[in-house]
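Input: a single structure, listed below in structure tokens.
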Amino acid sequence: MACDTMDTEHVIETFDLSSWASPVADSLSQKALTALESGKVLYFPKLDFPLDAHETRFLDPRWSDPKSKNISFSQTTGLLKGALGNPQDQAGLARMLSRYASFSTTLLRALFPQYGDNLKLARTSFRPAEVNRRALSPRKDDSRLHVDAFPASPTGGNRILRVFTNVHPNGKTRDWRLGEPFEQVAEHFLSGIRPFSPAWSSLMRTLGITRGYRSAYDHYMLHLHDTMKADEAYQKQARQIPFSFPAHSSWIVYTDLVSHAAMAGQFAFEQTCHLPDFAHAHPETTPLARLEALLHRKLTHGS
Ligand SMILES: O=C(O)CCC(=O)C(=O)O
Ligand SMILES: [Fe+2]
């Protein structure tokens, strides 16, 4: 429901857990699932990712390749990308990211037993660079409010769920802005988005511009992402609320649903997972369902 003001409790749900392996009661798990799918950020002020003694040396931006924003790791292939350093350094970084992948998976499985094996682990990232020092084009600038969608990686309606931990050693917060609910974002921008072209999507797949087929859903999500970021007036005037995640806290959010912007901070871990649309507890809350309702058409099948 639309309302004129936004308070922290509209966008943040706080949880007391202090361990990644905490047992989670049914009632807590239901509360977390409903809050998550309705577009809230699940915030864990006491949930830290302590680094091992030999890992603290990685808290330095010099480990990341200046060409890529983050250091990333695939738990499935064991491959580390975007990192500098000798083979031992790289193996140490990979072990650290792999630990984060394991910790966050353990928590997600306990918090959302309903998702079960439908929740697929994707990339893990370590972000050692200062957020606001990145010189980027508007489309790549995550300090502008946006919902996540990636040009080369269509999801076909699968969700983007992310776990974050701020590990700043000197207590620096990671500062976000959280924007208005997805429905309002979509209502604001949908009419200005050019129609979907199946022929163009097929061509982009054939040419390898996209990994897989950019469905109508992906088309609308990507253009929401791009037009939001490019609209300077919207960035200033849209309803939004700042929130600073303290050092040693964690948060979980559907970044394709929640309008967000990262304004400042350094040293964070992030784990991405994907969930197919049929696996939701509240399927009417997904960006796919909301876009289909607004456009009165199916966006992933036969389009
Ligand atoms: O690095 C961050 O704090 C968030 C950046 C962002 O927009 C994202 O990961 O989706
Ligand atoms: Fe994002």
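The values are calculated or read from the model by the stated rules, or taken from the named source; none is laboratory data. Note that the coordinates shown come from a computational prediction; the quantities given were computed from them, not determined experimentally. Glycine also receives a Cβ, built like all others from the backbone with ideal geometry; neighbour counts cover every protein chain displayed.
Hey, could you check region 214-229 for residues that are in a helix (DSSP H, G or I) and among the hydroxyl-bearing types (Ser, Thr, Tyr) and say which is nearest to ligand 2 (Cβ to nearest atom)?
Looking at the filtered set, the residue picked out is Thr227.
Hey, among the residues in region 157-204 that are assigned to a loop (DSSP other than H, G, I, E, B) and among the charged types (D, E, K, R), which one's farthest from ligand 2 (Cβ to nearest atom)?
So, considering only residues that are assigned to a loop (DSSP other than H, G, I, E, B) and among the charged types (D, E, K, R), the one farthest from ligand 2 (Cβ to nearest atom) is Arg194.
Where in region 230-282 are there strands (runs of 3 or more DSSP E), lying wholly inside it, with at least 2 residues that are touching a residue at least 60 places away in the same chain (Cβ under 8 Å) and in contact with a Gly (Cβ under 9 Å, 6 or more places away or on another chain)?
240-245, 250-254, 260-264
Counting only residues that are surrounded by fewer than 20 Cβ atoms within 10 Å (Cβ to Cβ), within 12 Å of His146 (Cα to Cα) and touching an Asp or Glu at 6+ places or on another chain (Cβ under 7 Å), how many does region 207-239 have?
So the count comes out to 1.
For region 273-303, give me each residue that is closer than 30 Å to Glu55 by Cβ and surrounded by fewer than 19 Cβ atoms within 10 Å (Cβ to Cβ).
His274
Hand me the list of strands (runs of 3 or more DSSP E) wholly inside region 1-105 holding 2 or more residues that are without any contact (Cβ under 8 Å) to a residue 60 or more places away in the chain.
Here the list reads 12-14, 71-74.
Restricting region 32-56 to residues that are surrounded by fewer than 13 Cβ atoms within 10 Å (Cβ to Cβ) and farther than 16 Å from His168 by Cβ, which is nearest to the chain's Cα centre (by Cα)?
Asp52
Is it true that some residue in region 108-129 is under 25 Å from Gly82 (Cα atoms), in a loop (DSSP other than H, G, I, E, B) and more than 14 Å from the chain's Cα centre (by Cα)?
Yes, region 108-129 has at least one match.
Which of the following residues is under 26 Å from Gln75 (Cα atoms), more than 15 Å from the chain's Cα centre (by Cα) and within 11 Å of ligand 1 (Cβ to nearest atom): Gln266, Gln271?
Gln266
Evaluate region 80-90: report whether one residue or more is touching a Phe, Trp or Tyr at 6+ places or on another chain (Cβ under 7 Å) and within 15 Å of ligand 2 (Cβ to nearest atom).
So far as region 80-90 goes, no, none of its residues is touching a Phe, Trp or Tyr at 6+ places or on another chain (Cβ under 7 Å) and within 15 Å of ligand 2 (Cβ to nearest atom).
Can you name the number of the only condition in (1) more than 18 Å from Gln271 (Cβ to Cβ); (2) surrounded by fewer than 12 Cβ atoms within 10 Å (Cβ to Cβ) that Leu79 fails?
Looking at each condition in turn, Leu79 falls short on (1).
For Met204, only one of the following conditions fails: (1) surrounded by fewer than 17 Cβ atoms within 10 Å (Cβ to Cβ); (2) free of Cβ contacts under 8 Å to residues at least 12 places away in the same chain. What is its number?
(1)
Here are some conditions: (1) in contact (Cβ under 8 Å) with a residue 12 or more places away in the chain; (2) more than 16 Å from the chain's Cα centre (by Cα); (3) away from ligand 2 (no atom under 14 Å from the Cβ); (4) at negative phi. Pro154 meets all but one. Which one does it not meet?
(2)
For region 140-162, enumerate the residues that are hydrophobic (A, V, I, L, M, F, W, C), out of contact with any Leu (no Cβ under 8 Å at 6 or more places or on another chain) and surrounded by fewer than 21 Cβ atoms within 10 Å (Cβ to Cβ).
Hit for region 140-162 is Ala152, nothing else.
Of the residues Leu28, Leu59, which is surrounded by fewer than 18 Cβ atoms within 10 Å (Cβ to Cβ), more than 20 Å from Leu108 (Cα to Cα) and at pLDDT 95 or above?
Just a single option satisfies the conditions, and that option is Leu59.
Determine if region 101-108 includes at least one residue that is closer than 24 Å to Tyr254 by Cα, surrounded by fewer than 17 Cβ atoms within 10 Å (Cβ to Cβ) and modelled with pLDDT of 95 or more.
Among the residues of region 101-108, at least one is closer than 24 Å to Tyr254 by Cα, surrounded by fewer than 17 Cβ atoms within 10 Å (Cβ to Cβ) and modelled with pLDDT of 95 or more, which makes the answer yes.
Would you be able to say whether some residue in region 130-138 is within 14 Å of ligand 1 (Cβ to nearest atom) and surrounded by 14 or more Cβ atoms within 10 Å (Cβ to Cβ)?
yes
Considering (1) surrounded by fewer than 22 Cβ atoms within 10 Å (Cβ to Cβ); (2) touching a Phe, Trp or Tyr at 6+ places or on another chain (Cβ under 9 Å); (3) within 19 Å of His260 (Cα to Cα), say which one Thr165 fails and leave the rest.
Of the numbered conditions (1) surrounded by fewer than 22 Cβ atoms within 10 Å (Cβ to Cβ); (2) touching a Phe, Trp or Tyr at 6+ places or on another chain (Cβ under 9 Å); (3) within 19 Å of His260 (Cα to Cα), the odd one out for Thr165 is (1).
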